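> Here it is, the structure in full.
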Amino acid sequence: MAAAESPSAALRRRDLCSRGIRLAGKMRADVVDLLDAYVEQQGLDASASVAAVEGVPLAAVERWDEQTGTQRLLENLAAYRAFRTLLAQMLEEQREQLGEADAGLGRALAAVLLQVSAFAYHLEELLRLESRGVPGEEGDEEEEDGPPPPPRLSLFEQKLRGLGVLRELAQWAVRSVRDLRQLAKPSPATGAAPGLAESP
C-alpha cells in the first residue's frame, strides 16, 4: 500500500470527484432526454431489444465493490473513449440521413458528444493525479486516423445501434457517479481515498 497522499492531493482528488459527479449527473439527464427524442424521431419502440454495442465495456460489472480505484478509472476511460467515437459516427450518420430536417436532434447529439469528451478528459486528470499515466497516449497516431471503418449497416440497423449506444451511455453515467462517489470516500485508516492508494 502506498503512503497516504498529501492533504493538497486529497483535496484536489475530492474536488475532481465532486465535479465529475456533477458532470456525469448532467450528462445522464441529457442522454435520457436525447433517448426520448431519438426513439420518437427514428420511429423506434422504446422497449426494443438491441444487441450489446461492440467496443463498449458493459456498465454492469461483477464484484463492483472489489475493484480498485485504478480499475474504476481505467474502465470508465475506456468506455467514454469508445462512446466518443460511436457518438461522432452517429452524428455523421444523422447528418447523412436527415440533413437539416431535424437539426434539433443533431444539436442534442453534438452536445452529448461534447460532454462525453469533457468527461473523458476529466477521468484522464484523475489518472494523472494518481501518477498512473493515461493509457493509449502512445496510440494517438492511430486515434487520429480513427478506428477501421465499421461494417456497413442498413438504416434500421444503424438506428438500433444508436439506441443501444444511448442506452448504454445512460447506464455508464449512473455507474460513473457511483465510481466517483466511491473514489471520493476517505479511507478510515489513512485519510486517503480508497482504491487509489491500495492499487498495486
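> Determine the order of Arg161, Arg12 by accessible area, beginning with the largest, at a probe radius of 1.4 Å.
The ranking, largest first, comes out as Arg12, Arg161.
> Does region 64-124 classify as rounded, prolate or oblate by the C-alpha gyration tensor (a ≥ b ≥ c root eigenvalues; a/c under 1.5 gives rounded; else a/b over b/c gives prolate, otherwise oblate)?
prolate
> Can you compute the FRET efficiency between Arg152 and Ser117 using 1/(1 + (r/R0)^6), with r the Cβ-Cβ distance and R0 = 35 Å? Round to the nearest 0.05.
After rounding, the FRET efficiency stands at 0.85.
> Hey, another quick one. Using 0.36 nm per residue, how much length does the chain from Glu66 to Arg14 gain when fully extended, once their Cα-Cα distance is taken away?
Going from the current span to full extension adds 16.7 nm.
> Taking 0.36 nm per intervening residue step and subtracting the Cα-Cα distance, what contour gain separates Arg22 from Arg181 on full extension?
Extra length from Arg22 to Arg181 when fully extended: 56.2 nm.
> Full-extension gain between Ala37 and Val134, please, as 0.36 nm times their residue separation minus the C-alpha to C-alpha distance.
31.4 nm
> In whole Hz and in residue order, list the ³J(HN,Hα) couplings for region 55-66 that follow from phi through the Karplus curve 6.51 cos²θ - 1.76 cosθ + 1.60, θ = phi - 60°; x for Gly and Pro.
Result, rounded to whole Hz: x, 10, x, 6, 5, 6, 9, 6, 6, 3, 6, 9.
> Moving on. Dividing the convex hull volume of the Cα atoms of region 1-100 by its residue count, what figure in Å³ per residue is obtained?
Enclosed volume per residue, from the Cα hull, is 150 Å³.
The values are calculated or read from the model by the stated rules, or taken from the named source; none is laboratory data. Quick caveat, the model's predicted, so the values are computed rather than measured. Cβ sites come from the backbone with ideal geometry, for glycine too, and all protein chains shown count toward neighbours. Surface accessibility is based on the protein's heavy atoms, side chains included, excluding ligands, DNA and RNA. Shrake-Rupley method; radii C 1.70, N 1.55, O 1.52, S 1.80 Å.
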